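Right, one structure below, let's go through it.
None of the figures in this text is laboratory data; all of them are computed from the coordinates on show. Everything quoted here is computed from the prediction, not taken from an experiment. Note that we place each Cβ from the backbone using ideal geometry, even for glycine, and neighbour counts take in every protein chain shown.
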């Protein structure tokens, strides 16, 4: 009775696991669909969009600096008061207004690059999460296949035990292996469910469709030179650093402009006076020239600081290019190395399958031990799981190369 109950438990759990893996839905998504769903709803993208809107407003504000500036000045003593209505139009500022506009435009460019960088980072996160999902699903398939083999051996062994050919100790050993497989199955199911939950968090909605993982590789024909060249042209981190160079140039221009005077045209209407009791009014039109280089030699220090900032950002661009190039070369080598190892692993699986079949025949002929048969079955399952991990890693590297080389289009709807 106990034996029947254990057998029923293993059978039900196997059917449950198979159903968990093979459950299909009415719709199918590919990786591009999942990424676009994440881009539409993820808060990091929304935050970057608001930063961009703020930068665009700053550009408009910088343009208004070229227009006249109205002001009102009210002065009062114990007995007299004076009010001055003034409008001032800049004529020449030594580059201060141009520097402010250039800074605002560069800030806008940096915000645009930040938005692209956020999208790139989110796409990378989605790819890694999908990698966990595909790896767990492939491992589930390998584990379920291994469990099916053990169940076939269990039926064979049960007949031999009933016939008095094999010992019950062999059956206990098989039960132990089945319990271990069930534990592996639970772990793989847990990883799969966690990956699905993470995807739902990224897309901010329940995952109601199946995700299709294409078996074709999009980066297999990509050359390393062209991949690096496209990455240098399209990578958002490099775009962002380039705009930071422009920001530093604008700051340097602003620091240098302080040595030049501000020339402006003023129109004033003065009512009252602080110096006599008359209540007359007066209109004035004149050109104003002002210069304020700051305390001591601080202006010179600010210029030197701005020059160093420009050099710093340029070196950061070069450093980032080297870093990205090294990452691309490493991913490219790992990708092609993994592609080559897949064929070798498939041959190992075929060899393990042949060994298992041979050991089964030899066991029935009394020339192999039961433990040898179980070990060969476990070796086959391990090789199948290794192939699953390898194929999942190849898929991951293929997608990362496709993303880094700028070929994956990320649609950012405003």
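Data table
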quantity: Single residue of 115, 97 found to be without any contact (Cβ under 8 Å) to a residue 40 or more places away in the chain and either surrounded by fewer than 21 Cβ atoms within 10 Å (Cβ to Cβ) or outside any strand (DSSP E or B) (or both); calculated: 97
quantity: Given (1) free of Cβ contacts under 8 Å to residues at least 12 places away in the same chain; (2) assigned to a helix (DSSP H, G or I), number of the condition residue 295 does not satisfy; calculated: (2)
quantity: Evaluation of residue 328 against (1) within 30 Å of residue 245 (Cβ to Cβ); (2) in a helix (DSSP H, G or I); (3) out of contact with any helix residue (DSSP H, G or I) (no Cβ under 7 Å at 6 or more places or on another chain) (one fails), failing number; calculated: (3)
quantity: Residue 166 being surrounded by fewer than 19 Cβ atoms within 10 Å (Cβ to Cβ) and not in a helix (DSSP H, G or I); calculated: yes
quantity: Which numbered condition residue 188 misses (of (1) surrounded by fewer than 18 Cβ atoms within 10 Å (Cβ to Cβ); (2) more than 30 Å from residue 51 (Cβ to Cβ); (3) touching a residue at least 24 places away in the same chain (Cβ under 8 Å)); calculated: (1)
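Yes or no, residue by residue, for (1) more than 23 Å from residue 137 (Cα to Cα); (2) free of Cβ contacts under 8 Å to residues at least 60 places away in the same chain:
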residue: 339; (1), (2): no, no
residue: 357; (1), (2): yes, yes
residue: 367; (1), (2): yes, yes
residue: 383; (1), (2): no, yes
